[in-house]
Amino acid sequence: MWIDAKGSTVLSGPECMQLLAVTAKGGGIGRLGVPTDQAPVVIPVNFTLHDGQVLVRVGTGFFSRAAAGHLVAFEVDHVDSDAGMAWSVLVRGLATLIESPTEVEFTAAAHPLVPEPGDMVLVLRPDILTGRRFEVRRGL
């Protein structure tokens with residue numbers, strides 16, 4: 001176990017993947033950040049893990065075009081106030097858009113909460129996986 005300069009416990013890669021998997025299975029929400037010419041854009045998304053990669057269902061439009069073929073960031077976190085602990089996991093990697101996903105890929109991708117979900121799958125390869133666990137200070 002390693003503690004960083006700010007007092008957070010640095011999580012191992014397997015711990016980060018486990019937290020991502022538990023959050024995905026629980027229907028958790030992540031935040032996907034994509035580059036644009038003006039500034040990065042971050043949106044909340046439903047996600048799943050499949051074969052060690054993050055899958056997000058997307059539709060045709062700005063966001064899928066901005067992410068496809070680019071390096072993106074994906075973040076998931078959790079705060080347990082009762083236990084006084086929190087964690088955060090950050091995935092950075094290449095996003096690939098599958099415009100005609102196979103049944104397995106489509107089924108593996110989470111069903112979004114939005115009224116009209118897209119029919120494409122954005123796959124995020126976890127090139128860099130980092131995470132931190134830290135105490136939640138009460139009364140601040």
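Summed over qualifying helices (DSSP H, 4 residues or more, each -39500 (n - 2.57)) and divided by its residue number, the chain shows a 222 nm mean residue ellipticity of -5000 deg cm²/dmol.
Between Ala5 and Thr107, the simple label model (points 7 Å from Cα in the Cβ direction) yields a spacing of 4.9 nm. Charge dipole of the range 2-135 (Cα centre as origin; +1 on each Lys and Arg Cβ, -1 on each Asp and Glu Cβ, all else neutral): 220 debye, rounded to the nearest 20.
Sorting the Cα pairs of the range 2-135 by distance into bins of 5 Å, from 0 upward, gives 2, 11, 20, 23, 19, 12, 7, 4, 1, 0 percent per bin.
Between the helical axis of 13-25 and the dominant principal axis of the chain, each derived from Cα atoms, what acute angle in degrees is found, rounded to the nearest 10? Tilt of helix 13-25: around 60 degrees.
Taking 22 Å as R0, compute the FRET efficiency from the Cβ-Cβ separation of Val79 and Asp51 and round it to 0.05. Could you put the intermediate results ahead of the total?
Values: r = 29 Å, r/R0 = 1.32.
The value I calculate is 0.15.
Taken over the range 38-113, the convex hull of the Cα atoms encloses 130 Å³ per residue.
Just so you know, all these numbers are worked out from the coordinates, no wet-lab data involved. The structure displayed is predicted, hence computed values, not measured ones. All Cβ positions, even for glycine, are placed from backbone atoms using ideal geometry, and neighbour counts span all protein chains on display.
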